[in-house]
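Q: Sharing a structure with you now.
The values are calculated or read from the model by the stated rules, or taken from the named source; none is laboratory data. Values in this document were obtained by computation on a predicted structure and should not be read as measured data. Here the Cβ positions follow ideal geometry from the backbone for every residue, glycine too, while neighbour counts run over all protein chains shown. SASA here: full protein model, heavy atoms, side chains in, ligands and nucleic acids out. Shrake-Rupley method; radii C 1.70, N 1.55, O 1.52, S 1.80 Å.
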Amino acid sequence: MASVRGVRGRLTITLVALVVLTAAVLGIGSYVFVDSSLHQRLLDQARTEAGFDLSVLIPSRVEGNGAGAYESQPFVQTFENRGVSFIVDPGNGKPFSSSLQLGPPQAVLQSLAPLRAVVARGELGYEWTTLGGKPNLVVGGRLPPAGPDFYFVHDASDIDAALAQLRLALGVGTVLLALLALVAGRLAARGVLAPVEAAGRAAERIERGDLSARVPVTSRDEFGAWAERFNRMAAALDETIGRLRESQAQNRRFVADVSHELRTPLSALVAEASIIRDHLDGLPPQARRAGELLAGDVARLRTLVDELMELSRFDASAEQVDAEPVDLVGLVRTIATARLPEAHLALPAGALVVATERRRLERILGNLLDNAREHAGSAGVEVELLQGSGEVVIAVADRGPGVPADRLPRIFERFYKADPSRRSGSSGLGLAIAAEHATLLGGRLTAANRPEGGLRIELHLPVTGSLPSGDVAANRERDSRAPQSSAQEPIP
């Protein structure tokens, strides 16, 4: 679901970015067009008026000569009515300005040096500049035939004000479009990704074991076709897993039935093998060897059948945990002393009482010790009891050859042997049974190769709360009276 939200966010951001980019391009284009149009319109109008003023208006209304005479010329009122100011440069160093707001005439003319050069050539020129703190368009030309030079100043403040309003409108419009695009993008992304979210929910249900989950088909487009294919896949998966479960159930019933049916003749074989073992000394050497092999094979067969029966109870969910206060220190010491006296024990000095089931712990630890003895011999086996945060760990470590790294994750599988070439009495079920018991107790088994050589298997058990210390003595006394044997009975 997190990835769907990420895609939704990217789709929304992409849509908003496209809208903002489009609005920016259109806004900039519109602004440049309006700016150019307004300035060009004012320029065309100013140049037309300047041409008319220099060729018709001013020559027809000039009265007298000299710079001072321009202040009272009849055409001055005409320019005031138009809202146009002007500066006259007679060429004698005493220019005249019709508006004091433009600044000193001499300083203004000095700022218009490029335009004055154009006018000096007898051409009509213009220049955009700032005079008196305002933007202006200055159009200059020489009064024919030999002067003086006139510079007509047109106020461009209205254009700048209009452009400022346009910029504000475009900015506000872009922000509004971005907000609308954000809302529309969220809605569109939600609609587009709705089938994906539905598929995600269906996949989560399938992951939890609900194989009936399906994706609703709400359209006939690509998403609809995808939903139909997803549903066909889920249906095929449901059918396949159903067949596998049925096959697995049949296999488990077969193993349970075979194990059950073997118990009766096996009991007779055990009794017969016991009689033969008791009279081995009276048999000839060749017959004695055959009798020893027969007794050993019957013992292994009985162990295998007992283990298969135990696994069948796990598969049938017939095992229940009967928890009680157990002193792990005393229990581990008792089992290790009985099963592998040569093992080195590293146990806490005091008691460590947890709520668990004694019988299953005996089975787990006994199988781990048997596995260590089988692969590493009696020497070099270490049993350690550790208390961590919220759990206790019982570790059995040996100094044997260890397990190849690629086979280590499979050692708790049924009938799996890390070294198939080794022929031993092991059925490959001991660690699998130990793992089943650990799971029932709410714990787990882990295995790792030791750096100095050998294998270390750890049983992690949860600790949900402390138990009264007064139970310790009773638990130790019970451990001391516990039978010194494994869960499997020896051949009589």
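Q: Would you mind checking the radius of gyration and Dmax of the range 329-455 based on alpha-carbon positions, in Å?
A: In Å, with Rg to one decimal and Dmax whole: 14.2, 44.
Q: Using a 1.4 angstrom probe on the protein heavy atoms only, line up PHE52, PHE412, PHE75 by accessible area, largest first.
A: Reading off the accessible areas and sorting them downward yields PHE52, PHE412, PHE75.
Q: Between GLU452 and SER267, how many nm apart are label points set 7 Å from Cα along the C-beta direction?
A: 4.9 nm
Q: Which order do HIS39, HIS154, HIS344 take by accessible area at a 1.4 Å probe, largest first?
A: Order by accessible area, largest first: HIS344, HIS39, HIS154.
Q: Which net charge results for the neighbourhood of ASP322, defined as the other residues with beta-carbon distances under 12 angstrom from its beta-carbon, given Lys and Arg at +1 and Asp and Glu at -1?
A: Summing Lys/Arg as +1 and Asp/Glu as -1 gives 0.
Q: Under 19 Å from a point placed 7 Å out from the Cα of SER55 along the Cα-to-Cβ direction: which residues of the range 76-119 have their backbone N that close?
A: Output list for this probe position: 119.
Q: Find the Cα radius of gyration of the range 149-189, compare it with 2.2 N^0.38 Å by division, and give the number to two decimals.
A: Dividing the Cα Rg of the range 149-189 by 2.2 N^0.38 Å gives 2.16.
Q: Roughly how many nanometres apart are two label points built 7 Å out from the Cα toward the Cβ at HIS279 and ARG229?
A: It works out to 7.5 nm between the two label points.
Q: If R₀ is 22 angstrom, what is the calculated FRET efficiency for the pair SER247 and GLU413, using the beta carbon separation as r and rounding to 0.05?
A: 0.75
Q: Now a separate question. Net charge around ASP149, counting only other residues with Cβ within less than 12 Å of its Cβ (Lys, Arg = +1; Asp, Glu = -1)?
A: Net local charge, ASP149 excluded: +1.
Q: Rank these by accessible area, largest first, 1.4 Å probe: ILE276, ILE13, ILE394.
A: The most accessible residue leads, giving ILE13, ILE276, ILE394.
Q: Let me ask something else. For the range 205-255, which trypsin sites (Lys or Arg not before Pro) are both in a DSSP coil and crowded by at most 14 other Cβ atoms within 10 Å?
A: Sites meeting the loop and neighbour criteria: ARG208, ARG220.
Q: Given a 1.4 Å probe and the protein chains all in place, what does the accessible area of ARG167 round to, in Å² to the nearest 10?
A: Result for ARG167: roughly 120 Å² accessible.
Q: Now for a separate question. When Lys and Arg each count +1 and Asp and Glu each count -1, what net charge do the other residues less than 14 Å away from ARG205, Cβ to Cβ, add up to?
A: -2
Q: Measuring from label point to label point, each 7 Å out along Cα→Cβ, what is the ARG208 to ALA164 span in nm?
A: My value for the distance between the label points is 6.3 nm.
Q: How much solvent-accessible surface does LEU283 expose, in Å² to the nearest 10, with a 1.4 Å probe and all protein chains in place?
A: Per-residue accessible area (LEU283): approximately 60 Å².
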